Amino acid sequence: MKTLLRLTALVKPYFWWMALAALIGFATTGSGIGLLMTSGYIIAKAALQPPLGALQLGIAGVRMFGIARGALRYAERLISHNITFKILAKLRLWFYDAIEPLAPARLMHFKSGDLLQRIVDDIQSLENIYTRVLAPPLTALLVGLLMWFLVGVYSLQAALIVLTFHLLAGIGIPLLTMQLSRGVSKGIMQHKTEQQILALDLFQGIGELQLYGKLPAHLTAMRTAESGKLRLERKNAMIDGLHDSLTGLLMNGAVIAVLWALIPCISTGQVNGISLTVITLAVMASFEPFLPLPGTVKHLEADKHAGERLFEILDAKPETSAPASPLAFPREHTIQVERLSFTYPGSRSKALDSISFKVLPGEHIAIVGPSGAGKSTITNLFMRFWNPSEGSISIGGNNISLFDPEELRRNIALVSQRTYLFAETIRENLRLAGPNATDEELKRALTAAGLGHFTSKLDEWTGQHGMKLSGGERQRIAIARVLLQKAPIMILDEATANLDGVTESEVTQTLQAISAGKTLITITHRLKAMEQYNRILVLEKGKIVEQGVHSELMARDGLYRRMWELQHVVEVG
Ligand code: ATP
């Protein structure tokens with residue numbers, strides 16, 4: 001109920017437009033009823049062979065109601081679709097605004113296919129909340145009131161009959177539909193979500209599925225989801241057929257019952273033959289707005305489910321937030337990390353355990369350690385994807401939580417192990433880092449990043465996930481992005497880990513060249529060209545266990561030396 005109230009609040013700003021649309025909707029159905037009544041009047045009257053002039057009023061009525069019906073229907077559709085698109089735009093913007101600060105900490109718990117389903121199908125379902133859920137009962141009520149009054153003028157008994165049949169069509173059949181279709185709409189949406197998740201897994205992991213022989217099982221799971229959805233859709237279609245025919249049955253029943261009540265009134269002179277025809281046709285036409293009501297209850301269930309899923313995202317609290325009045329990013333950017341600890345939600349062990357270090361502007365430091373030591377967690381905290389559990393990171397003497405996260409991220413260029421390239425042109429992929437960069441600047445960045453031969457290919461498509469480029473080329477695009485970002489601080493998080501030996505040393509050289517004069521934090525478990533760093537921090541199980549320059553660390557019999565020897569022996573071997 002709470003979800004439905006919140007969804008109704010969503011359309012509140014359009015209340016007057018909705019009232020107008022409902023009124024026009026009512027007038028449209030009213031014109032349909034009027035058209036049938038006046039047509040019935042002409043036919044019944046003509047049967048008595050009156051002079052042609054006696055039919056003039058009816059003919060004018062047919063013209064008027066006929067034209068009004070079409071024009072009003074057009075106006076009603078125009079307004080209701082306008083409301084629908086406004087709701088759609090609002091929902092999508094709301095969703096995007098809500099989802100952005102949740103990335104990546106809070107979104108980790110959602111599967112991509114599930115999120116895709118929420119933004120496409122759930123919002124699509126909610127956009128029709130006015131046309132399918134709110135408007136039909138209102139129009140049916142107004143038409144019902146009109147008919148009860150109209151028939152009541154001739155016979156109270158006939159009016160009660162119409163009321164009974166309208167209540168059966170407007171409340172009885174929707175309740176029956178609700179009972180029969182309980183869980184159907186929700187089930188269909190759940191199967192669709194499952195299908196999206198499985199389809200995305202198939203596209204992205206088809207290689208692994210084939211490699212480990214899991215493709216048949218995956219396809220079976222997809223088929224099961226499809227047949228589950230089809231089974232529910234078949235049930236849905238049967239329920240649709242049932243309520244449509246039941247409403248038709250009620251309409252015909254109402255016509256027969258009204259005739260049964262009014263025919264005796266002819267002998268008393270209460271009703272004449274022409275009025276009988278007109279009323280009977282009006283009763284028939286009055287069922288039109290009752291037809292979509294059973295569908296309304298089904299949409300209500302689907303919208304409630306979609307609303308719950310949407311509010312789950314909209315209500316989620318971001319892990320980090322921007323301060324009310326953020327500080328400007330300082331020019332002097334000494335980095336001070338003090339007693340920094342962090343534990344991932346749900347994890348029992350600390351990923352970082354009270355680490356402290358300082359990096360002066362222009363200094364180059366490396367953070368090394370075995371896998372799982374907590375190196376990338378430092379990047380996550382620097383980029384404010386998470387907040388530290390204890391301790392702080394300061395830049396220029398100010399805690400980074402005092403800066404606007406977007407400005408902080410603009411000033412820290414990050415090259416990670418996996419560079420994401422959008423299915424776009426090279427130009428657009430570069431402009432991510434420099435939205436206002438000219439083609440000349442893009443070409444200069446490409447050349448400096450070692451992709452001089454790409455300068456004539458700015459309009460070339462990179463393929464899905466940059467599939468048309470090699471691993472080294474993708475990392476060089478990331479380097480070009482860093483150049484365009486012009487940030488004073490650089491973090492390289494395993495930036496060359498996925499590259500082959502030759503490409504790795506080429507990319508490393510380029511990175512060294514572009515980091516000159518900048519503050520650099522390199523995070524790596526591969527100990528290569530370590531002599532260049534002003535300091536090396538060795539991390540193990542979230543703690544700094546050693547620090548110093550390469551020669552000092554090699555002189556000790558510690559973890560660093562063991563790692564170095566192991567890697568170099570393996571390489572030599
Ligand atoms: P690698 O060199 O393999 O990338 P790393 O030193 O960068 O390792 P981190 O990624 O920082 O290590 O991980 C530190 C610890 O935190 C690990 O035990 C890891 O399992 C855990 N961890 C990392 N990310 C998450 C997460 N999102 N949720 C829970 N635990 C996590």
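The values are calculated or read from the model by the stated rules, or taken from the named source; none is laboratory data. Keep in mind it's a predicted model, so treat the numbers as computed, not measured. Methodologically, a virtual Cβ is constructed for each residue, glycine included, from the backbone with ideal geometry; neighbour enumeration extends over all protein chains shown. All accessible areas refer to the heavy atoms of the entire protein, side chains included, with ligands and DNA or RNA removed. Shrake-Rupley method; radii C 1.70, N 1.55, O 1.52, S 1.80 Å.
So the values come out like this:
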{"quantity": "In the range 431-441, residue most open to solvent (accessible area, probe 1.4 Å) [restricted to those that are within 18 Å of Arg410 (Cβ to Cβ) and over 26 Å from the mean Cα position of the chain (by Cα)]", "calculated": "Asn436"}
{"quantity": "Test: residue in the range 314-322 that is open to solvent by less than 30 Å² (accessible area, probe 1.4 Å), within 14 Å of the ligand (Cβ to nearest atom) and touching a Leu at 6+ places or on another chain (Cβ under 9 Å)", "calculated": "no"}
{"quantity": "Selection status of Arg132, open to solvent by 50 Å² or more (accessible area, probe 1.4 Å) and farther than 29 Å from Thr8 by Cα", "calculated": "no"}
{"quantity": "Flag for Thr419 being closer than 27 Å to Pro318 by Cα and either within 12 Å of the ligand (Cβ to nearest atom) or not β-branched (Val, Ile, Thr) (or both)", "calculated": "no"}
{"quantity": "Single match in Ala105, Ala75 (criterion: aliphatic (A, V, I, L, M), in contact (Cβ under 8 Å) with a residue 40 or more places away in the chain and not in a helix (DSSP H, G or I))", "calculated": "Ala105"}
{"quantity": "Contacts under 6 angstrom Cβ, first residue in the range 367-387 being closer than 26 Å to Glu100 by Cβ, partner among the polar types (S, T, N, Q), 6 or more apart", "calculated": "Arg384/Thr320; Trp386/Asn380; Asn387/Thr320"}
{"quantity": "Residues located in the range 334-362, provided they are open to solvent by less than 50 Å² (accessible area, probe 1.4 Å), touching a Phe, Trp or Tyr at 6+ places or on another chain (Cβ under 9 Å) and more than 16 Å from the ligand (Cβ to nearest atom)", "calculated": "Ile335"}
{"quantity": "Flag for Ala373 being within 22 Å of Gly558 (Cβ to Cβ), part of a loop (DSSP other than H, G, I, E, B), open to solvent by less than 10 Å² (accessible area, probe 1.4 Å) and at pLDDT 90 or above", "calculated": "yes"}
{"quantity": "Residue check for Glu428: exposed (fewer than 15 other Cβ atoms within 10 Å of the Cβ) and outside any loop (DSSP other than H, G, I, E, B)", "calculated": "no"}
{"quantity": "Selected residue (criterion: nearest to Gly362 (Cα to Cα)) from residues of the range 465-513 that are assigned to a helix (DSSP H, G or I), in contact with a strand residue (DSSP E or B) (Cβ under 8 Å, 6 or more places away or on another chain) and not charged (D, E, K, R)", "calculated": "Leu511"}
